[in-house]
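The values are calculated or read from the model by the stated rules, or taken from the named source; none is laboratory data. On a predicted model such as this, the values are computed, not experimentally measured, just so you know. A quick note on method: Cβ atoms are made from the backbone with ideal geometry, for glycine too, and the neighbour counts reach across all protein chains shown. Remember, those area values only see protein heavy atoms, side chains included, never the ligands or the DNA or RNA. Shrake-Rupley method; radii C 1.70, N 1.55, O 1.52, S 1.80 Å.
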Amino acid sequence: MTDIHPVHIHTYSGIAFDLRDPQPAMVRLDDIVHSLSLMNRFNGAALFPYSVAQHSLHVAELVPAELRLEGLLHDAAEAYIGDMVSPLKQVMPEYKAVEARISAVVAEVFGLFYPEPAAVKQADLAVLAAEREQVLGPSYGPWFKDFPEPAPITIKPRAWLEVKASFGQALQTEITKRRAATDPCRPDAAAESLGDLRLQEVRA
């Protein structure tokens, strides 16, 4: 896709991220953590500020241990393209194509299973069902999803910096586990393989 004129957005760290041709070198952990911790779900129509990062932490609680990293990063592409509400995605199919390209690159960088495992999608929907009851007010219109039973979680307002710290620490832990599992003879392989740009201490 190098012959296509790039379309850049600028991230928290200052990276120029090409939405048309995302590359692994453009993906940074601190950009994902920071952006998703400040990005509200439901187009801001919640009863209190509720971020994509907080949602992702709940999803990670529900999946098997070997899929926690996938749960934490299942919405990582939204750090670069925003959290578009599902009904709008129905009339903007190009969004899904851009999202898929970015998700594939994120999966490559962090060694995720791709496409998204069914267990992660199920957990995502169960958390959404809980959010509909605990985060949103009464809904008088149709939803574009079939809901499972709500996840057995309690959702409370949290300060965004607290969420950012929890999200960053959870990601650091799971990334280290994932890299160590792929090369158990070298427990430091995680930091080396991700490089300074991606596995660095997340800034407050």
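If you go through the stretch 161-186 and pick out every residue that is in contact with a Ser or Thr (Cβ under 6 Å, 6 or more places away or on another chain) and surrounded by fewer than 18 Cβ atoms within 10 Å (Cβ to Cβ), you end up with 0. Evaluate the following for Leu72: is it more than 10 Å from the chain's Cα centre (by Cα), of a type in the set (A, V, I, L, M) and buried (at least 21 other Cβ atoms within 10 Å of the Cβ)? So Leu72 does not fit the description; no.
Please go through the stretch 83-137 and pick out each residue that is assigned to a loop (DSSP other than H, G, I, E, B), surrounded by fewer than 16 Cβ atoms within 10 Å (Cβ to Cβ) and in contact (Cβ under 8 Å) with a residue 40 or more places away in the chain. Reasoning before the result, please.
Within the stretch 83-137, the subset assigned to a loop (DSSP other than H, G, I, E, B) is 83-85, 92, 111-117, 135-137.
Then keep just the ones that are surrounded by fewer than 16 Cβ atoms within 10 Å (Cβ to Cβ); that gives 84-85, 92, 113-115, 136-137.
The answer is Val85, Phe113, Leu136, Gly137.
Return yes when Gln90 is within 25 Å of Pro138 (Cα to Cα) and either among the aromatic types (Phe, Trp, Tyr) or modelled with pLDDT under 95 (or both) and no when it is not. So Gln90 passes the test.
Has the stretch 11-26 got any residue that is over 22 Å from Thr173 (Cα atoms), outside any loop (DSSP other than H, G, I, E, B) and within 12 Å of the chain's Cα centre (by Cα)? Scanning the stretch 11-26, I find no residue that is over 22 Å from Thr173 (Cα atoms), outside any loop (DSSP other than H, G, I, E, B) and within 12 Å of the chain's Cα centre (by Cα), so the answer is no.
Any residue that is at pLDDT 80 or above, aromatic (Phe, Trp, Tyr) and in contact with a helix residue (DSSP H, G or I) (Cβ under 9 Å, 6 or more places away or on another chain) - is there at least one of those in the stretch 129-146?
So far as the stretch 129-146 goes, yes, one or more of its residues are at pLDDT 80 or above, aromatic (Phe, Trp, Tyr) and in contact with a helix residue (DSSP H, G or I) (Cβ under 9 Å, 6 or more places away or on another chain).
If the condition is being outside any loop (DSSP other than H, G, I, E, B) and open to solvent by less than 40 Å² (accessible area, probe 1.4 Å), then the stretch 27-52 contributes Leu29, Asp30, Asp31, Ile32, Val33, His34, Ser35, Leu36, Ser37, Phe42, Ser51, Val52.
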